[in-house]
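Laboratory data are not the source of any read-out in this text; all were calculated from the coordinates shown. This one's a predicted model, so the numbers in the text were calculated from it and none came from an experiment. Reconstructed Cβ throughout: ideal geometry from the backbone, glycine too, with neighbour counts over all protein chains shown.
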Amino acid sequence: MIELQAVEKRYGNVMALKGLDLTVPEGSVFGLIGPNGAGKTTAMLILSSLLARDGGVVSVAGADPEKEPNVVRQHLGYMPDFFGFYDSLNAYEYLEFFAAVHGVPAAKRRAVVLDLLALVDLSHKADADVNTLSRGMKQRLSLARALVHDPQLLVLDEPASGLDPRARVQLRELIAELHRLGKTILISSHILAELEGICTHMGVIDEGVVKAQGEMEAIRGAFTGARRVRVRLADEDVDHALDLLGARPEVSEASIERQRLDFVLAGDDDTSAGLLAELVQAGITVYEWRVEAAGLEELFLQLTQEEEAAQ
Amino acid sequence: MNLSLNPVLAREVRERFRGRRAPIFVTLWVLGVGLIGYLVYIIAQYTARDAFGLGQAVAGGYMGRFIYEGMLFLLMTGVVMIVPGLTSLSIVGERERQTFHLLQVTQLSPLQIVLGKLWSSMSYFVLLLVAVAPVVAVPLLFGGVRITDLLAGLGMVILTALMLGSVGIWASSRARSSRGAVASAYTWSFVLAFITLAAMAGELLIFSDGLAFPPNGREIVSILPNPYVGMVSAVVDPLGSDGLSGTPFDIVEVLLLQRQGFEAFGFGMDLGPDMARALPLRRPPVWMFTVGIYVLIIFVALVGATRRVTAPASRIRPLRRANGS
């Protein structure tokens, strides 16, 4: 659905994108994570046909945003990281205006707008001035605006920024619902917890390049060298287990607290299973063996730390 | 392109006329024009009585002409003062409200966005014009003014509004703050309306011996884009004669007469239409240049604004914040 190859963008002397490669598959919820200034918004502006690139190839729904911006705009709904509202328009009129400028036929506009208000749970606010809506409501109205021409692809730039916990939950539910409806969603955030649980794919962007991308589980699998393992043992076996594990090169940061033994495992599921089998064969009673999946935050830190170390 | 269906125009009109500000402004405008019109009427009455002591019929025609010319000057000044304010916030306002990108990613073409902004401002201006139409039409009751005179004068007023509106849209598309846009639009407006007159004095000083006019037979370039001179030129004949002396147009009529190489008799004197028609012209009338220049400015301004609104852009210019940070 989206393909960026070796995309470059320069602002004066600063290279915002240094050969960015990104592939967003159709039907996915793709989380683009990265710190502030990583190039997320620049990449989104380029693929939304708002900003021209300095190099590389971009394809959105099969069209180049620079050569065929209108084709891209037919297929893409863009929600920037800010609210844009007109004075004196209520929620209904606001959506109706954007339906008109997106070319929705006049005869269909009313039905489209009412459906969208229902989808984002704002039917009861149809007559309310948009300036009087809460931040969460405005964000949902923005999402409805991005959907007004029924695009296949949604580009959401930091959609949960500044929202309270309840509004974030509502937004996540809404995104999940849109995914069920078959939309492809590219969503950026620097708050990693926002994307956890709703994304099927992710990409990590830092300093204008993508460090890693792919399906969530594949990404986790590729960067599981630092998974934490929590083990509960019989009291008398703790020291023996520590001796055994401490001798293994893939185990580090081991610590003991009562019956619990925690350590960091550099290895995959097979390595984990092998270690567990070794303990059992040594006669150690293992009550619990829990391998914690790496969170986005850990993955992100791991990726960016590797970069720092390389420098 | 069906302009009547331009959604930007529809929304702007809805937004502009919703709330109390628009009716209050229109009311004040009508009252202001009416009051000034009345003052012009009083002045015309005194001038007619003191200068000629003519019979009612002639004095009535003179007064009609006097009021008509006074009202045209007033309307043109209204255009110079109001139109830049109507248009200069249009595009920079979208950027400040953070709706600019939202418009750019729609199916609207950049030209539709620009024209929607221009037509909405012009529709407001036309409303102001229609609101004072009864006051402007008063001279027809007195006589001395042909309907063609009225149409020619109003035509130049509307063309000037369209030109200043286009310049305002262009200034708005370039500006990084609403304050900058307003300042830029008014600067262009005042340059055309007033600085060109000062430039005329400069031309005289530089190119003439003493205060000879026109300077050594040269064209007076600086007055060609001036809206007041263009308007008078469009209404009176090429030799600057409205057939009456002591009317508001006289100051420009003298200029137009001298531009054609004739000595002025002094302010308050007029060749009269018969003599004016009999004399050969040295140059085409000023209004032809003014119209040509304005059409060119409108074209350049709208093309410039459209280019600024076109996406993808090579860069996205940040707005300048009001606190200067």
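Highest mean first, how do B:181-192, A:138-149, B:126-137 rank when packing is the count of other Cβ atoms within 10 Å averaged over residues? Please report the intermediate quantities before stating the final value.
Details: B:181-192: 20.0, A:138-149: 23.2, B:126-137: 16.0.
Taking the mean over residues of other Cβ atoms within 10 Å, the ranking is A:138-149, B:181-192, B:126-137.
Cut-off 10 angstrom, C-alpha nodes, Gaussian network model of chain A. Which of A:GLU196, A:GLU215, A:GLU250 fluctuates the most?
A:GLU250
Would you kindly derive the ³J(HN,Hα) couplings of the range B:86-103 from the backbone phi angles with the Karplus curve 6.51 cos²θ - 1.76 cosθ + 1.60 (θ = phi - 60°), listing them in order in whole Hz, with x for Gly and Pro?
Running phi through 6.51 cos²θ - 1.76 cosθ + 1.60 with θ = phi - 60° gives 6, 9, 5, 8, 4, 8, 5, x, 5, 5, 5, 7, 6, 10, 5, 4, 5, 6 Hz.
Output ³J(HN,Hα) for the range B:140-148: one whole-Hz value per residue in order, computed from phi by the Karplus curve 6.51 cos²θ - 1.76 cosθ + 1.60 with θ = phi - 60°, and x for Gly and Pro.
Whole-Hz 3J(HN,Hα) from phi for the range B:140-148: 5, 5, 7, x, x, 10, 8, 5, 5.
Rounded to the nearest 20 debye, what is the charge dipole size of the protein assembly as shown about its Cα centre when +1 sits on each Lys and Arg Cβ and -1 on each Asp and Glu Cβ? Present the calculation step by step, with values, prior to reporting the outcome.
Details: 56 positive and 65 negative charges, 593 e Å.
For the protein assembly as shown, the charge dipole is close to 2840 debye.
Test of understanding: ordering B:THR196, B:THR47 by Cβ neighbours within 10 Å, fewest first, what list do you get? List each step's numbers first, then the result.
Working: B:THR196 20, B:THR47 17.
Arranged by neighbour count, lowest to highest, B:THR196, B:THR47 become B:THR47, B:THR196.
Compute the orientation-averaged projected area for the range A:42-122 from the convex hull of its Cα atoms and round it to one decimal in nm². The partial results should precede the final answer.
Details: hull surface 26.3 nm².
Reported value for the Cα convex hull: 6.6 nm².
Note down the magnitude of the dipole of the range A:135-280 about its Cα centre, charges +1 on Lys and Arg C-beta and -1 on Asp and Glu C-beta and zero elsewhere, to the nearest 20 debye. The partial results should precede the final answer.
Numbers: 18 positive and 25 negative charges, 222 e Å.
Computed charge dipole of the range A:135-280: roughly 1060 debye.
Given the rule -39500 (n - 2.57) for each run of at least 4 DSSP H residues, summed and divided by the residues of chain A, what is its mean residue ellipticity at 222 nm, to the nearest 500 deg cm²/dmol?
Values: 11 runs with 116 residues, N = 311.
Calculated mean residue ellipticity at 222 nm is -11000 deg cm²/dmol.
Only bridges whose two residues both fall in chain A count here: according to DSSP, what percent of them are antiparallel, nearest 5?
Values: 38 of 56 bridges.
Antiparallel bridges: around 70 percent, rounded to the nearest 5.
Output the antiparallel fraction of DSSP beta bridges having both residues in the protein assembly as shown, as a percent to the nearest 5.
Working: 38 of 57 bridges.
Around 65 percent of the beta bridges assigned by DSSP in the protein assembly as shown are antiparallel ones.
I'd like to know which of B:VAL33, B:THR310, A:MET1 lies farthest towards the positive end of the charge dipole of the protein assembly as shown, counting +1 on Cβ of Lys and Arg and -1 on Cβ of Asp and Glu.
B:VAL33
Under a GNM of chain A (C-alpha, springs under 10 Å), which listed residue has the highest mean-square fluctuation: A:ALA106, A:ALA176, A:ALA266?
A:ALA106
Pull out a ≥ b ≥ c, the square roots of the eigenvalues of the alpha-carbon gyration tensor of the range B:131-217, then state rounded if a/c is under 1.5, prolate if not and a/b is larger than b/c, and oblate in the remaining case.
On the way: a/c = 3.13, a/b = 1.06, b/c = 2.94.
It comes out oblate by the Cα gyration axes.
Report the trypsin sites (Lys or Arg not before Pro) located in the range A:160-266 that are in a DSSP loop and have at most 13 other Cβ atoms inside 10 Å of their Cβ, or state none.
A:ARG258
Cut-off 18 Å, label point 7 angstrom out along Cα-to-Cβ of B:ARG21: give me the residues of the range B:96-128 whose amide nitrogen falls inside.
B:96-100, B:117-128
Using Cα springs under 10 Å in a Gaussian network model of chain A, which residue among A:LEU51, A:LEU186, A:LEU17 shows the largest mean-square fluctuation?
The residue that fluctuates most here is A:LEU51.
Which percent of Cα pairs goes in each bin when the distances of the range A:1-146 are cut into 10 angstrom slices starting at zero?
Reading the bins upward from 0: 11, 34, 30, 21, 4, 0.
How big is D for the range B:48-158, in µm² s⁻¹ as a whole number, if Stokes-Einstein is applied with the Kirkwood radius of its Cα pairs at 20 °C and 1.002 mPa s? Spell out each step's value before the answer.
On the way: Rh = 16.7 Å.
It comes out at roughly 128 µm²/s.
Residue-wise, which Karplus ³J(HN,Hα) couplings in Hz belong to the range A:34-42, taking 6.51 cos²θ - 1.76 cosθ + 1.60, θ = phi - 60°, and x for glycine or proline?
Coupling constants for the range A:34-42: x, x, 4, x, 6, x, 4, 5, 4 Hz.
Please compute the average number of Cβ atoms from other chains found within 10 Å of each residue's Cβ in peptide B:310-317. Walk me through the numbers on the way to the answer.
Numbers: counts 1, 10, 14, 4, 5, 6, 6, 0.
Going residue by residue through B:310-317 and averaging, the value is 6.
With both partners inside the range A:9-157, how many of the DSSP beta bridges are antiparallel, as a percent to the nearest 5? It would help to have the intermediate numbers written out before the result.
Numbers: 5 of 9 bridges.
Just about 55 percent of them are antiparallel.
Which residues does the label zone of A:ARG135 cover in the range A:153-179, counting backbone N under 17 Å from a point 7 Å along Cα→Cβ?
The answer is A:157-172.
Mean projection of the alpha-carbon convex hull of the protein assembly as shown over all orientations, in nm²?
Average projection, Cα convex hull of the protein assembly as shown: 38.3 nm².
Across chain A, how large is the tail of the calculated P(r) beyond 36 Å, expressed as a percent of all Cα pairs? Don't skip to the answer; put the middle values down first.
Working: 15690 of 48205 pairs.
Result for the distance tail: 33 percent.
In whole angstrom, note down how far apart the Cα centers of the range A:222-291 and the range A:60-125 are.
54 Å
Rounded to two decimals, what ratio of Rg to Rh does the range A:1-80 give with C-alpha atoms and a Kirkwood Rh?
Answer for the range A:1-80: 0.94.
What pairs from A:LYS40/A:LYS108; A:LYS67/A:LYS211; A:LYS40/A:LYS125; A:LYS67/A:LYS183 go past 30 Å between their alpha carbons? Intermediate values should be presented prior to the final figure.
Details: A:LYS40/A:LYS108 35 Å; A:LYS67/A:LYS211 28 Å; A:LYS40/A:LYS125 32 Å; A:LYS67/A:LYS183 24 Å.
The pairs that break the limit, which is 30 Å between Cα atoms, are A:LYS40/A:LYS108; A:LYS40/A:LYS125.
Work out the mean other chain Cβ neighbour count within 10 Å for the residues of A:79-89 and drop it here as an integer. Walk me through the numbers on the way to the answer.
Details: counts 1, 4, 1, 5, 4, 9, 4, 9, 5, 7, 4.
Average per residue, whole number: 5.
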